[in-house]
Amino acid sequence: MWLAEHGWQATGVDISAVAVSRAEQAARARGLATDRARFLVADLAKWDNDQSYDLVVSSFLHSQGDFDRAGILRATSQYVADGGYLLVISHATFPPWAQAHRDADAKDHHHDETTPESELELLQLDPSSWVLEIAEIRSREATGPEGQVATLQDTVVLVRKTATQS
Ligand SMILES: C[S@@+](CC[C@H](N)C(=O)[O-])C[C@H]1O[C@@H](n2cnc3c(N)ncnc32)[C@H](O)[C@@H]1O
């Protein structure tokens, strides 16, 4: 929605039909037309899509259960157009209010906290085709479901795909 409000034609993808339905409702409530902000239900581990995009954002790709996080992250890079950007934002530390989920499924590696280095290692980008623009941890204030405020740490990785040589 933020991208659409800043002039992009944005496509949001999530495996959860509930998440997609909520996003659609929120976008329409904000007056965003479907040609500015559209949302798709898809499993990104199997997404069959030959379109390319000027910007691909992976926003907090953390989940429970059987989940090929590395495979999905690598696949996202294939959707970036020449000269376009891939932005990966993930939890460097988890919100204190997410602790119950983590404790309930402590062996789930997909809850692993990230670093710029670990995300770049997962992405396995070809250095001859990608330029690293940002690889850092940033702090932000966030408010949890009970109104509790915490400072969260996010891993931020931004890479640019160089134009293919003809
Ligand atoms: C921590 S939430 C982040 C939600 C949202 N992107 C954000 O930044 O607030 C992780 C999301 O990943 C989605 N997800 C998990 N596995 C997925 C998959 N295979 N394909 C697409 N989305 C997936 C979940 O449904 C969930 O909405």
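Confirm whether residue 108 is open to solvent by less than 30 Å² (accessible area, probe 1.4 Å) and either at pLDDT below 95 or within 25 Å of residue 12 (Cβ to Cβ) (or both).
yes
On the stretch given as segment 113-151, residues that are open to solvent by 90 Å² or more (accessible area, probe 1.4 Å) and in contact with a strand residue (DSSP E or B) (Cβ under 7 Å, 6 or more places away or on another chain) total 5. Once segment 48-75 is narrowed to residues that are within 11 Å of the ligand (Cβ to nearest atom) and either more than 20 Å from residue 119 (Cβ to Cβ) or of a type in the set (S, T, N, Q) (or both), the residue that is surrounded by the most Cβ atoms within 10 Å (Cβ to Cβ) is 58.
Scanning segment 38-47 for residues that are assigned to a loop (DSSP other than H, G, I, E, B) and more than 9 Å from the ligand (Cβ to nearest atom) gives no hits.
Each row is one residue, and each column tells you yes or no for (1) more than 14 Å from the ligand (Cβ to nearest atom); (2) without any contact (Cβ under 8 Å) to a residue 40 or more places away in the chain; (3) open to solvent by less than 50 Å² (accessible area, probe 1.4 Å); (4) not assigned by TED's automatic domain parsing to the domain that holds residue 138.
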{"position": "4", "(1), (2), (3), (4)": "yes, yes, yes, yes"}
{"position": "36", "(1), (2), (3), (4)": "yes, yes, no, yes"}
{"position": "81", "(1), (2), (3), (4)": "yes, no, yes, no"}
{"position": "88", "(1), (2), (3), (4)": "no, no, yes, no"}
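Of all residues in segment 12-27, those that are open to solvent by 40 Å² or more (accessible area, probe 1.4 Å) and assigned to a helix (DSSP H, G or I) have Cβ atoms under 6 Å from Cβ atoms of residues that are near the ligand (Cβ under 10 Å from one of its atoms) and not aromatic (Phe, Trp, Tyr), 6 or more apart or on another chain, in 17/41.
The values are calculated or read from the model by the stated rules, or taken from the named source; none is laboratory data. Not measured: the values here are computed from a predicted model. Positions of Cβ are backbone-derived with ideal geometry, glycine not excepted, and every protein chain shown enters the neighbour counts. Heads up: the accessible areas ignore ligands, DNA and RNA and are worked out on the full protein's heavy atoms, side chains in. Shrake-Rupley method; radii C 1.70, N 1.55, O 1.52, S 1.80 Å.
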